[in-house]
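Trainee: Okay, here's the structure, questions in a sec.
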Amino acid sequence: MEALILSHISRCPGPYLRQLQKELAAPLGTLDYYLTKLLRRGEIYKLGRRPRYFPSQLDELQAWAIYLLREGPRALEEAGRLKCGKRLCPEVRDLLLRSVESYECLRRDLVDNFIILMSML
């Protein structure tokens with residue numbers, strides 16, 4: 001189960017617990033147990049108030065960009081490192097675009113959040 005979770009998070013970074021449960025069809029308790037093991041060993045890390053999980057090899061700034069993409073504008077307060085004043089920093093656009101190109105699964109989150117996020121640049 002650990003390998004399956006790690007593989008899924010590496011292929012599609014930033015899922016939250018219930019999303020993992022649905023996508024992997026695994027019991028919540030089992031997922032929680034193995035996520036905790038992976039976190040303790042440093043193979044994954046989590047970000048945000050509504051925790052989303054990322055592989056440890058993913059740069060934290062890119063992870064915040066993915067978090068913002070997946071959560072939408074409500075995550076702006078948490079993603080302070082991505083903001084320049086009241087707007088997103090210009091380099092965030094490149095991070096978002098590179099993330100969408102690298103991880104096909106992020107495209108499904110893009111429709112709801114892309115226009116709003118890009119208008120903030």
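The values are calculated or read from the model by the stated rules, or taken from the named source; none is laboratory data. Treat the numbers as computed from the prediction; the structure is a model and nothing was measured. Note that we place each Cβ from the backbone using ideal geometry, even for glycine, and neighbour counts take in every protein chain shown. We work out accessible area using only protein heavy atoms, side chains counted, and drop any ligands, DNA or RNA first. Shrake-Rupley method; radii C 1.70, N 1.55, O 1.52, S 1.80 Å.
Trainee: Evaluate the stretch 40-54: report whether one residue or more is open to solvent by 60 Å² or more (accessible area, probe 1.4 Å), in a helix (DSSP H, G or I), farther than 15 Å from Leu106 by Cβ and of a type outside the set (S, T, N, Q). It would help to see each step written out before you state the result.
Mentor: So the first thing to find is which residues in the stretch 40-54 are open to solvent by 60 Å² or more (accessible area, probe 1.4 Å), and the list is 40-41, 46, 49-50.
Next cut, in a helix (DSSP H, G or I) only: 40.
Next, from what is left, pick out any that are farther than 15 Å from Leu106 by Cβ: 40.
With the extra rule that they be of a type outside the set (S, T, N, Q), the set shrinks to 40.
There is at least one residue in the stretch 40-54 that is open to solvent by 60 Å² or more (accessible area, probe 1.4 Å), in a helix (DSSP H, G or I), farther than 15 Å from Leu106 by Cβ and of a type outside the set (S, T, N, Q).
Trainee: Same structure, new question: Could you tell me whether Arg50 is under 15 Å from the mean Cα position of the chain (by Cα) and at pLDDT below 95? Talk me through it step by step, then tell me what you get.
Mentor: On the way: under 15 Å from the mean Cα position of the chain (by Cα): yes; at pLDDT below 95: yes.
So Arg50 passes the test.
Trainee: Which one of these does Ser102 not meet: (1) over 21 Å from Ile9 (Cα atoms); (2) surrounded by fewer than 13 Cβ atoms within 10 Å (Cβ to Cβ)?
Mentor: (1)
Trainee: How many of the residues in the stretch 55-77 are closer than 19 Å to Ser7 by Cβ and in contact with an Asp or Glu (Cβ under 8 Å, 6 or more places away or on another chain)?
Mentor: Counting residues in the stretch 55-77 that are closer than 19 Å to Ser7 by Cβ and in contact with an Asp or Glu (Cβ under 8 Å, 6 or more places away or on another chain) gives 3.
Trainee: What is the residue count in the stretch 5-31 for residues that are surrounded by fewer than 13 Cβ atoms within 10 Å (Cβ to Cβ), free of Cβ contacts under 8 Å to residues at least 60 places away in the same chain and assigned to a helix (DSSP H, G or I)? Don't jump to the end; show me each part of the working.
Mentor: Start the filter on the stretch 5-31 by keeping residues that are surrounded by fewer than 13 Cβ atoms within 10 Å (Cβ to Cβ), which leaves 7, 11, 18, 22-23, 25, 27-29.
Still in the list and also free of Cβ contacts under 8 Å to residues at least 60 places away in the same chain: 7, 18, 22-23, 25, 27-29.
Within this subset, residues satisfying the condition of being assigned to a helix (DSSP H, G or I) are 7, 18, 22-23, 28-29.
Going through the stretch 5-31 one residue at a time, the tally reaches 6.
Trainee: Here's a follow-up. Going by what's in this entry, would Gln57 be described as closer than 17 Å to Ser99 by Cα, in a loop (DSSP other than H, G, I, E, B) and open to solvent by 10 Å² or more (accessible area, probe 1.4 Å)?
Mentor: Yes; evaluated as a whole, the condition is true for this residue.
Trainee: Output the residues belonging to the stretch 60-84 that are surrounded by fewer than 16 Cβ atoms within 10 Å (Cβ to Cβ) and within 15 Å of Tyr16 (Cβ to Cβ). Spell out the reasoning first.
Mentor: Of the residues in the stretch 60-84, the ones surrounded by fewer than 16 Cβ atoms within 10 Å (Cβ to Cβ) are 60-61, 72-74, 77, 80-81, 83-84.
Scanning the stretch 60-84 gives Gly72, Arg74.
Trainee: Give all pairs with beta carbons closer than 9 Å in which a residue from the stretch 97-108 that is at pLDDT below 85 meets a residue that is surrounded by 18 or more Cβ atoms within 10 Å (Cβ to Cβ) and in a helix (DSSP H, G or I); count only pairs at least 6 apart in sequence or on separate chains.
Mentor: Matching pairs, first to second residue: Arg107/Val100.
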